[in-house]
Amino acid sequence: MEKKRAGNPNLYKGGPSLNPNGRPKGAKNKTTENIRKAYQQLTEDNLENMTIWLSQIAAEDPKQAMEMMIKLSEYVIPKLARQEITGNDGADLFSNVKFEFGPDINDTEERDEE
């Protein structure tokens, strides 16, 4: 005798799917979206308090206040991704670039003449 499963039979492995294509690309999770909206509202409601709290932290430890601002900024300003610039087939674009900042410190001939 086969054991009867509880719940929706369409959700079991091998059964027909209610959504054969899955979640569309870019579709947001409703729970995550609700949490983000609640956090945004909490932040907006406390902007004035956050300024006061940050000032209190800065009065005791300016470094800690700056670290707090940097941590908070990550939620507002997206971090920039590092990008590598290369030429064709990954070739170094700067292989022929040369900087000269004065005499070479390893050049002993010029030092000996002085």
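The values are calculated or read from the model by the stated rules, or taken from the named source; none is laboratory data. Since this is a predicted model, take the numbers as computed values, not measurements. For neighbour counting, all protein chains shown are included, and Cβ atoms are generated from backbone atoms with ideal geometry for every residue, glycine included. These accessible areas exclude ligands, DNA and RNA; they are computed on the full protein's heavy atoms, side chains included. Shrake-Rupley method; radii C 1.70, N 1.55, O 1.52, S 1.80 Å.
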For this session: Kindly provide the set of residues from the stretch 6-19 that are surrounded by 10 or more Cβ atoms within 10 Å (Cβ to Cβ) and either at pLDDT 80 or above or not in a helix (DSSP H, G or I) (or both), ordered by number.
Result: 12, 15
Problem set entry | Subset of the stretch 20-34 [open to solvent by 70 Å² or more (accessible area, probe 1.4 Å), polar (S, T, N, Q) and not in a helix (DSSP H, G or I)] | 21
Exercise. What is the residue count in the stretch 57-69 for residues that are surrounded by 10 or more Cβ atoms within 10 Å (Cβ to Cβ) and without any contact (Cβ under 8 Å) to a residue 12 or more places away in the chain?
Worked result: 8
Exercise. Out of all the residues in the stretch 74-88, is one or more open to solvent by less than 90 Å² (accessible area, probe 1.4 Å), over 30 Å from residue 41 (Cα atoms) and modelled with pLDDT under 80?
Worked result: yes
For this session: Only residues in the stretch 35-54 that are outside any helix (DSSP H, G or I) count as the first member; pair them with residues that are aromatic (Phe, Trp, Tyr) and open to solvent by 100 Å² or more (accessible area, probe 1.4 Å), Cβ under 8 angstrom, at least 6 apart or cross-chain, and list the lot.
Result: none
Exercise. Conditions: (1) farther than 16 Å from residue 72 by Cβ; (2) among the hydrophobic types (A, V, I, L, M, F, W, C); (3) loosely packed, with under 10 Cβ neighbours inside 10 Å; (4) modelled with pLDDT of 90 or more. Residue 38 meets all but one. Number of the miss?
Worked result: (3)
